[in-house]
Amino acid sequence: MTMTTTAAPVTETPARIEGRSPWLLAWRRLRRDRVAMVSLAIIVVIFLVAVFAPVVAALTGHPPNEQYRQTGLTPDGLPRPPSGTFLFGTDDLGRDILVRVAYGARVSLGVGVVATLLTVVVGVVIGVAAGFLGGWVDTVLARLIDVVLSLPFLLTAIALVSLSGPSLTLTVLVIGFFSWSSVARIVRGQVLSIKEREYVEAARSLGAGDLRIMAVDVLPNVLAPVIVYTTLLIPVVISVQASLSFLGLGIEPPTADWGGMIAESRNYYQTSWWFMFLPGMALVFTTLVFNLLGDGVRDAFDPRVDRLIRK
Amino acid sequence: MNRSHETEPLLRAVDVFKSFPVNKTGLFSRNADLLRAVDGVSLEIYPGETLGLVGETGCGKSTLARCLTRLHHLSAGTVQFEGRDISSLSRRELRPLRREIQMIFQDPYGSLNPRRRVGSIIGDAFAIHGIEDSSSRKRRVQELMELVGLNPEHYNRFPADFSGGQRQRIGVARALALRPKLIVCDEPVSSLDVSIQAQVINLLLDLQKDLHLTYLFISHDLSVIRHVSDRIAVMYLGKIVETAAADVVFDSTRHPYTRSLLSALPPADPDAADARERIVLVGDLPSPVNPPLGCRFHPRCPKAQEDCAAVDPPLAPVLADPPEHLTACLHPVELDEDLSATDPAIVDPSLLNSLGTEQGGLP
Amino acid sequence: MALLEVEDLHVSFRTEDGVVDAVRGLTFQVDRGKTLGIVGESGSGKSVSTQTITGLTRGAQVSGRALFDGIDLLTASDRQFRTIRGVRIGMIFQDPLSSLHPAYRVGWQIVEMIRAHQPVSKTQARARAAELLALVGIPRAADRIDDYPHQFSGGMRQRVMIAMAMALNPDLLIADEPTTALDVTVQAQVLTVMRRLQDEFGTAIILITHDLGVVAEMADDVVVMYAGSVMEEASRREIFYRHHHPYTEGLFASLPGRDHSRARLTPIAGGPPSMIGLPAGCPFSPRCRYVFGRCHEETPPLEWVYGEPRHQSACWLPSDLEGRELARGRLTPKEVR
């Protein structure tokens, strides 16, 4: 291996003392990334808030959908700013925004995680099958991926929703349906190159069947980029779900949901800044920390700076 | 290392052909060019011996190896293992055969799955064929590790924790798991440092003796081939050009290509290096997509004559050679013939330089 | 005065796992018009040393001196380097595919190189490029000058690299494993080209390789490296016929097919050393057949051996032939598998 500029020498590494699993190494690298660790901690907090949203409701004494027309609205019928009673203020129907933001986290994280998992599982299965089996399987699946990728997302979403009405399940399915193809395409590309590796050939020469090779040899080697992609996909899904809700295509009211809240605040942002600002910040902040974590995960799996280059 | 031609060959290949389509211009292209990787090869491997297969890049030796182990489908021809025709067996029918024929690969860094533990890699064969339950599996794997000179306590480590030489040992252990009869070693030491190469070569030879293995040993390194082989087959552009016992190929070379291969190898000895015959071949290896007509080597051959362009010489004994020494040449090299002074009758026009004269002296 | 004199070169890198001492006290010299072979296995530091000398390493701690015709390359400014690298020192690497730009025609690359250092017109430079390609034996050079690197075979690409490196008629050509990736017949062609160029232009060559056959063919003097330092340094004949250092001896003993017997090879025990935190004493001591107490405690310096003016060895074994034979006989060689 030769390079015209070297940052480090090419060395034959002798056996090290302990067996270091590639996953363990990646985790250690992630742990050293302070930004990623802080983001991870914040994500845990957000999760806890979502899980314990009823506790938040109990503590404030305000259930999420309860409208407090007397205490929660001004005499003119406008939302109240943040105060001792309503820490985040109220919305146009006198509901506690703090509690609604907490409950909104459930929707965002729930859809974010479930839709992403669905996407990834389907995408990986199809990508591995297409890439590894080749032939007509690949031709059919690859064309399918192309077709799905060329469908217009928004139009289809609107069409589906107008047919069946907004619902959480539909949101998850719609998002999943449109995202699996990107994952599949990436995975297929990876698998095409892994297929040519000698260890796959070795497995064949031992008599392993296709299924076993895909599960035992190919899959673990695509997992790393898949994990990176997944972590970076979650914030995208969260934003998409919020956008769908904003357009009225996602959740049925009165369920608390960040996108929906932002939509409801449209007419009030001049008078009641907190109505739009606070759910908006929750959304932005959540996607931000997921993105930061995703960057850290990607660096942990694929470090380039100051590494010993092995032959 | 004994071989006897009274016994039946363990593996026999008859007129094996393997081509790959290249430059497909569409899904249903009929204009695909054919890369003729293996173009009519017949050989035999006898139990207990090492057949060395030597040739340069593009000669088809790796493809041939994969045809013989049925990792590829044959385009034509037959392969027999222990007398049984395995040429067109389906993958399922081949599975039991996998226990008899195994392979060791060249690249110590690419032939082991980086995400699997070494114990799992070596024991893969047991899992695939459902042999041994998991408790005895670990014991068997550790036995194999010891056999190849690895510390059995490193069972749970990953390939990245081992050096190149150790990784090759892991590959050897993996191949031995099913106690095969024939092992195809595809350039097993080419990627290793010289001092480690020697360790692995010793290991392979020791194992052969102790476990009664038969090897097909592929390499481009002539000194390694000479050291390990009982018999040698030399390949060029998809065909075998010469085959004989190892010492015979080196000392009584008949084919001009074999001769130039030997002369190109610089000996690690200044006096020998200065004194040796130098045949420097002109030009590049032709593409296996369009091999030359007639004898494939004739455009670069220092002994080429008119008939070489017309006839593809058969692989047969030439001059007064014994029946085990086969050469595919119409004008084979005589003993003590000095090829560095020969002036070939045919000159490939594409090798003339821009001034229109032959590149006298410059290869 | 030698063309290139390297004194006590040290190169280390900080990495995730620790400080790697890639080169630890390297001293050698190259005379004008001669070929120096640097032999070593992976991790010996042979490539890092020449890359550092030509300023191609980044992020390294470097100390020592590398005097090229009086100029210390290790402390040279960028401006000085530009007048030396490419012009007076040419380099070729193992893999021409990664050293030639794949998107530009070969002729263009040579022309740009020439015109970057010499005030000639494009036509003149093109003519010179065609001349160079013909010089290294590329058939139909005038036509092939407009081909892309991928249109050449491996051996031809390497010749193109040589042509580029020789374009400005350098005093020194550094060839880092130039034929390792090539078939043996192609290797023979490339080495012949290099030798012919050296005969015609008087270029000095540093040839880095792990292949002792190539060294026997090409080198006038040889340096054997291990773990970042010189183990032995001598003329070609001395290294092959009267080596002193056990590592050199081990390298030769590892070669198969030398005496055409099928006897067991005697490899060097163990594996290559880790370059992080090398133990005290001789770096080869963990693997040496003749190791004794002192080897673990003190690092042997390079010393004259056999009464030869240019034969040096870094070993505690006696430096006279008889003494060495006696000592070797006494010290029980470790059994090697």
J(HN,Hα) series, the stretch C:25-35, from Karplus relation 6.51 cos²θ - 1.76 cosθ + 1.60, nearest Hz, glycine and proline x | x, 9, 10, 7, 9, 10, 8, 4, x, 10, 10
Rounded to the nearest 10 degrees, the helix A:34-51 long axis (Cα) sits at an angle to the longest Cα principal axis of chain A of 50 degrees
Residues of B:95-102, mean number of Cβ from any other protein chain within 10 Å of their own Cβ, rounded to a whole number?
-> 2
Two-site label geometry, A:Leu48 and A:Thr271: point separation in nm, points 7 Å out along Cα→Cβ = 3.8 nm
Taking each residue of C:183-196 in turn, how many C-beta atoms of other protein chains fall within 10 Å of its C-beta, and what is the average?
-> 6
Give the carbon-plus-sulfur fraction of the accessible surface of the stretch C:1-134 in %, rounded to a whole number; probe 1.4 Å, heavy atoms of protein chains only.
-> 47 percent
How big a patch of accessible area, both sides summed and in Å² to the nearest 100, lies buried between B and A at a 1.4 Å probe?
-> 2900 Å²
Quick one: helix B:164-176 against the long Cα principal axis of chain B, what's the angle to the nearest 10°, folded into 0 to 90?
-> 70 degrees
Measure of exposure for A:Trp27: accessible area at 1.4 Å probe, Å² rounded to 10, is 110 Å²
Between chains B and C, the summed loss of accessible surface on complex formation, probed at 1.4 Å and reported to the nearest 100 square angstrom, is 4300 Å²
Based on Cβ point charges of +1 for Lys and Arg and -1 for Asp and Glu, what charge dipole magnitude is obtained for the protein assembly as shown about its Cα centre, in debye rounded to the nearest 20?
-> 3020 debye
On the accessible surface of chain B, probed at 1.4 Å with all protein chains in place, carbon and sulfur together account for a percent value of 50 percent
Toward the positive end of the charge dipole of the protein assembly as shown, about the Cα centre and with charges on Cβ (Lys, Arg +1; Asp, Glu -1), which of A:Ile262, C:Val11, B:Thr57 goes farthest?
-> A:Ile262
For B:Leu53, list long-range residues whose amide hydrogen, built 1.01 Å from N in the peptide plane, is under 5 Å from its own amide hydrogen.
-> B:Phe217, B:Ile218, B:Ser219, B:Ala233
Which residues qualify? For C:Arg32, with a placed amide H closer than 5 Å and at least 5 residues away or on another chain, they are C:Leu3
Mean separation of Cα contacts under 8 Å, 6 or more apart, over the residue count of chain B: relative contact order % | 17 percent
Taking the convex hull of the Cα atoms, report for the stretch B:251-321 its projected area averaged over all directions, in nm².
-> 6.2 nm²
Average accessible area per residue (Å²) across the protein assembly as shown - probe 1.4 Å, nucleic acids and ligands excluded | 42 Å²
Which distance in nm do the two modelled labels at C:Asp31 and B:Glu153 give, with both placed 7 Å along the Cα-to-Cβ direction?
-> 5.4 nm
Nearest-ten-degree value, helix B:134-147 long axis tilted from longest Cα axis of chain B | 50 degrees
Collect residues whose amide H, placed 1.01 Å from N in the peptide plane, falls under 5 Å from the amide H of C:Ser229; neighbours closer than 5 in sequence don't count.
-> C:Arg24
With charges only on Cβ, +1 for K and R and -1 for D and E, what is the dipole size of the stretch C:272-337 about its Cα centre, in debye, rounded to 20?
-> 320 debye
Along the dipole axis of chain B (charges at Cβ: +1 for Lys and Arg, -1 for Asp and Glu; origin at the Cα centre), the most positive-end residue among B:Val228, B:Ala320, B:Pro21 is B:Pro21
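For A:Glu196 and A:Arg32 in one chain, what is 0.36 nm times their gap in residues minus the Cα-Cα distance, to one decimal in nm?
Extra length from A:Glu196 to A:Arg32 when fully extended: 55.6 nm.
Just list whichever of B:Lys61/B:Lys303; B:Lys181/B:Lys209; B:Lys18/B:Lys303; B:Lys18/B:Lys61; B:Lys18/B:Lys239; B:Lys61/B:Lys181 have alpha carbons separated by over 23 Å in the model shown.
B:Lys61/B:Lys303; B:Lys18/B:Lys303
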Assign one of three labels to the stretch A:201-311, namely rounded, prolate or oblate, based on the Cα gyration tensor with a ≥ b ≥ c the square roots of its eigenvalues; rounded applies when a/c is under 1.5, prolate when it is not and a/b is larger than b/c, and oblate otherwise.
-> oblate
If you plug each phi of the stretch A:74-90 into the Karplus form 6.51 cos²θ - 1.76 cosθ + 1.60 with θ = phi - 60°, what whole-Hz ³J(HN,Hα) values come out, in order, with x for Gly and Pro?
-> 6, x, 7, x, 9, x, 8, x, x, 8, x, 7, 10, 4, 10, x, 10
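Could you compute the FRET efficiency for C:Arg264 and C:Ala2, with r as their C-beta to C-beta distance and R0 at 35 Å, rounded to 0.05?
Values: r = 42 Å, r/R0 = 1.20.
Calculated transfer efficiency: 0.25.
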For the stretch C:178-234, what class follows from the C-alpha gyration tensor (a ≥ b ≥ c being the square roots of its eigenvalues): rounded when a/c is under 1.5, otherwise prolate if a/b is larger than b/c, else oblate?
-> oblate
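Rounded if a/c is under 1.5, else prolate if a/b is larger than b/c, else oblate: which is the stretch C:1-101, with a ≥ b ≥ c the root eigenvalues of its Cα gyration tensor? Can you show the working numbers first?
On the way: a/c = 1.36, a/b = 1.23, b/c = 1.11.
Rounded.
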Would you mind giving the mean number of other chain beta-carbons within 10 Å of the Cβ of each residue in C:4-17, as a whole number?
-> 2
Choose one of C:Tyr241, A:Met281, A:Ser83: the residue whose Cα lies farthest towards the positive end of the charge dipole of the protein assembly as shown (beta-carbon charges +1 Lys, Arg; -1 Asp, Glu; about the Cα centre).
-> A:Ser83
Listed residues C:Ser254, B:Ser62, B:Ser135 arranged by accessible area, highest first, probe 1.4 Å | B:Ser135, B:Ser62, C:Ser254
Convert each backbone phi in the stretch C:213-219 into a coupling constant with the Karplus relation 6.51 cos²θ - 1.76 cosθ + 1.60 (shift: θ = phi - 60°), then list the ³J(HN,Hα) values in order as whole Hz, x for Gly and Pro.
-> x, 4, 5, 4, 6, 10, 7
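Taking both sides together, what accessible area is buried at the A/C interface, probe 1.4 Å, expressed in Å² and rounded to the nearest 100? Let's see the in-between values first.
On the way: alone 16970 and 16470 Å², together 31710 Å².
For A against C, buried area totals roughly 1700 Å².
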So which GluC sites (Glu not before Pro) in the stretch A:180-287 pass both tests, a DSSP loop state and at most 16 other Cβ atoms within 10 Å of the Cβ?
-> A:Glu196
Only helical DSSP H runs with n ≥ 4 go in: add -39500 (n - 2.57) per run for the protein assembly as shown, normalise by residue count and round the 222 nm mean residue ellipticity to 500 deg cm²/dmol.
-> -12500 deg cm²/dmol
If you place +1 on the Cβ of every Lys and Arg and -1 on the Cβ of every Asp and Glu, how big does the dipole about the Cα centre of the stretch C:88-186 come out, in debye to the nearest 20?
-> 400 debye
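List the equivalent ellipsoid semi-axes of chain C in whole Å, largest first, each obtained as the square root of 5λ for an eigenvalue λ of the Cα gyration tensor.
After scaling each eigenvalue by five and taking roots: 38, 22, 18 Å.
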Going highest first, how would you order C:116-124, B:124-132 by mean Cβ packing within 10 Å?
-> B:124-132, C:116-124
How big is the C-alpha Rg of chain B next to the rule-of-thumb value 2.2 N^0.38 Å, as a ratio?
-> 1.07
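The values are calculated or read from the model by the stated rules, or taken from the named source; none is laboratory data. It should be emphasised that the depicted structure is a prediction, and the values quoted were computed from it without experimental measurement. We place every Cβ from the backbone using ideal geometry, glycine too, and count neighbours over all the protein chains shown. Only protein heavy atoms, including side chains, enter the accessible area calculation; ligands, DNA and RNA are left aside. Shrake-Rupley method; radii C 1.70, N 1.55, O 1.52, S 1.80 Å.
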